[in-house]
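A short write-up of the structure that comes next.
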Amino acid sequence: MRFLLPSLLAATATAHYTFPALIAGSTTTSQWQYVRKTTNYQSNGPVTDVTSDQIRCYELSPGTASQTYEVKAGDTLGFVAQSSISHPGPLLFYMAKVPDGKTADTWDGDGSVWFKIYEQGATITSAGMTWASQGAKQVTVPIPKSLPSGEYLFRVEHIALHSAGSSGGAQFYISCAQLKVTGGGSGSPSPLVSFPGAYKASDPGILINIYYPVPKSYTPPGPAVWQG
């Protein structure tokens, strides 16, 4: 039987990451204040099963006490990466509008309700693939100006691809925050997808050897970005 020394266990944990807090301008919220506490809040470990309900928000348990953050359409909002995004891979942001009669603090985000507002892939050269998000301590995105006002779930996802050459090897680091968007427009976000359901383990943006031979292109998984 193999045992890991405490120093090796610490190194393993710090190689992973969470997204526990929001950042807006110079304001950083408290951890898990507006972000639903994730199952990996202590271990920092990833989701690897794209068919699991955990691929949606990686939520520790329904009803975790999180508040709803108010933001204006068009403002830039994001997440703190704790301690940093240490692995190579794409960064994606999704949103889902809370249905009438429900609130962001209780809705589970089930169904074909999610739309992508941003994706960041790879820069590819003969030397290999590089990822702008790798090493980042915070990641942000503009909230689309034409997004209708209302309450939303706001989902960040980073997919670590360093072990993605075999099925189930990709690592998903996910958090969902609760938002109230004001000053919105009359846009109609699309296409809408569900989590689970949006991804398959065999998707070329998920099942991929990023090292050799160097891929000639890379497309993140999921729907097209809504151009709101």
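Every number in this text was worked out from the coordinates using simple rules, so none of it is lab data. Small disclaimer: the values here were computed from a predicted structure and weren't measured. Every residue, glycine among them, receives a Cβ derived from its backbone with ideal geometry; neighbour counts consider all protein chains shown.
Values computed for the structure shown
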read-out	value
Extension gain from Gln138 to Ser202, taking 0.36 nm per residue of separation minus the Cα-Cα distance	20.1 nm
Interchain or long-range residues, amide H under 5 Å from Ala81's placed H	Gln138, Val139
Listed residue (Gly187, His87, Leu77) projecting farthest to the positive dipole end of the chain, Cβ model	His87
Pairwise label distance in nanometres, Leu192 with Ser84, each label 7 Å out on the Cα-Cβ vector	4.0
Lysine pairs in the chain with Cα atoms under 14 Å, if 8 or more residues apart or on separate chains	6
5 angstrom amide H check on Trp32, placed H, neighbours 5+ away	Ala21
Thr39-Lys216 FRET efficiency (beta carbon distance; Förster radius 30 Å; 0.05 resolution)	0.25
Leading residue at positive end of dipole, the stretch 17-182 (Cβ point charges), from Thr123, Asn44, Ser167	Thr123
Trypsin sites (Lys or Arg not before Pro) within the stretch 134-198, DSSP loop, no more than 12 other Cβ atoms inside 10 Å	Lys137
Theoretical FRET efficiency, 1/(1+(r/R0)^6), r = Cβ-Cβ of Glu70 and Ser146, R0 25 Å, to 0.05	0.85
Peptides 15-21, 73-79, 106-112 ordered by average Cβ neighbours within 10 Å, highest first	15-21, 73-79, 106-112
Total charge dipole magnitude, the chain, about the Cα centre, Cβ charges on Lys, Arg, Asp, Glu only, Debye to nearest 20	320
Modelled FRET efficiency - R0 41 Å, Thr106 with Asn209, Cβ distances, 0.05 increments	0.50
